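The values are calculated or read from the model by the stated rules, or taken from the named source; none is laboratory data. Given the structure is predicted, the values throughout are model-derived calculations rather than measurements. Positions of Cβ are backbone-derived with ideal geometry, glycine not excepted, and every protein chain shown enters the neighbour counts.
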């Protein structure tokens, strides 16, 4: 693969004008393994980590994560915040340009923010900007988009007014959804604006080619304000569905990085590859969701029994080789503005005690040897997910539950969940978009349709989340959110299983790929050694 691409690059130079200089031949190409194929490259409609990786390269929001995962200026060079914490005034870069050479202006951000909350857009993550004044009312069809609290003071000055002071607002803006899109392009081309040859972006890279399930090629954007410091000329995103095959491609030098490692190969790979194997903390939770709209999973006793029966320590050590950590809360430890997370009431019970309680709960719900509970577990295909599903089935078998499986690719799996397809139990995961407990707990608010996979609604939970949103004292707010999490765990619409880590293969040829808590690794901060 690497040799073929080098030959293609050479041919491209020869066809356009011959070999004019050594610099013309020094194209650096990064073959980058990606978790999955994207459903879309429209940032306002994206929702997955695989899409976030691409959006970071194509677009630049007001603020971004640098190579270490810290919030730094992006399209905005600076900002100020009012004394009450409700008004943010951003000064855009004078050098900011779209890939077609046009200036990036405050009006572009006004258009983009309005487009995100417009119900017609169908943005999966519209709620990410609900702290902005009017956003939720607009997104739920109760107000026109023009009432959104985003205003272009002049071409380079953007003013954003919030409903309430939001201590993590800048973190919200690092998410892929608040990226700007080019109004002229969207207006002229409609849904086709994201196609190769059409896409106008403001990030370090431009879209050259999109071959579904095979390859997405991005090339350096010469109009990017920091183009002089972008050292990689082309990045080829390659979806890695089979992690074992991905490892073989990595070892062969066909890809320089990949974001997952088969757990059963971890020890051998550490011996073989040494420091190329990277395991580091990541804010994320691996969980299963129960379809609370479908009997018997509308019964809390059934959900709790299945959650209790899972041996998380075995999952962690034997299935994931210690690369994922047992989870008894939904919010990971170490999350900012929180302190100690909530926990399930049965955390300290032994596995045998939990299994006994689980059988009793199932019996109360009408299930037992003469009427065994039969469940269907859905998951997106990877070696690790398959092994986890088999282990879950084994745990449930011990309490008298029969399990069957349905597996699909990640794109199909998560689209099915968001679109409320009929299922029993589904594997899911959540990687933090911003470092705050609200980013984990908001998923299960009643109005959060697409991301609330269990379709769970609880009036008290929603009230607690709204109360936390109004609370300015961080300690008091943390207490309210902890009460909400405790309620979530007690009602068990989901069962947290494990906390994620970064498990990344990074070639020694690749410099600047720094694993961080946010999992934010834009290509613009990397370089390739000869």
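Which residues, counting only those in region 436-470, are closer than 21 Å to residue 334 by Cα and assigned to a loop (DSSP other than H, G, I, E, B)?
436, 437
Being free of Cβ contacts under 8 Å to residues at least 40 places away in the same chain and either loosely packed, with under 15 Cβ neighbours inside 10 Å or touching a strand residue (DSSP E or B) at 6+ places or on another chain (Cβ under 6 Å) (or both) narrows it down to one residue among 248, 231; which is it?
Values: 231 fails: free of Cβ contacts under 8 Å to residues at least 40 places away in the same chain.
Testing whether each residue is free of Cβ contacts under 8 Å to residues at least 40 places away in the same chain and either loosely packed, with under 15 Cβ neighbours inside 10 Å or touching a strand residue (DSSP E or B) at 6+ places or on another chain (Cβ under 6 Å) (or both) leaves just 248.
Counting residues that are within 21 Å of residue 181 (Cα to Cα), at pLDDT 90 or above and in contact with a strand residue (DSSP E or B) (Cβ under 8 Å, 6 or more places away or on another chain), which strands (runs of 3 or more DSSP E) fully inside region 1-109 reach at least 2?
Those strands (runs of 3 or more DSSP E) span 63-65, 71-73, 76-81, 87-92.
Can you tell me how many residues in region 283-340 are part of a loop (DSSP other than H, G, I, E, B) and farther than 22 Å from residue 468 by Cβ?
Looking only at that region, the number is 17.
Taking the conditions exactly as written (assigned by TED's automatic domain parsing to the domain that holds residue 444, at pLDDT below 95, over 18 Å from the mean Cα position of the chain (by Cα) and surrounded by fewer than 20 Cβ atoms within 10 Å (Cβ to Cβ)), does residue 366 satisfy them or not? It would help to see each step written out before you state the result.
Values: assigned by TED's automatic domain parsing to the domain that holds residue 444: yes; at pLDDT below 95: no; over 18 Å from the mean Cα position of the chain (by Cα): yes; surrounded by fewer than 20 Cβ atoms within 10 Å (Cβ to Cβ): yes.
Judged against the criteria, residue 366 is not a match.
Taking region 384-399 only, how many residues are surrounded by fewer than 20 Cβ atoms within 10 Å (Cβ to Cβ) and in contact with a helix residue (DSSP H, G or I) (Cβ under 8 Å, 6 or more places away or on another chain)?
Going through region 384-399 one residue at a time, the tally reaches 3.
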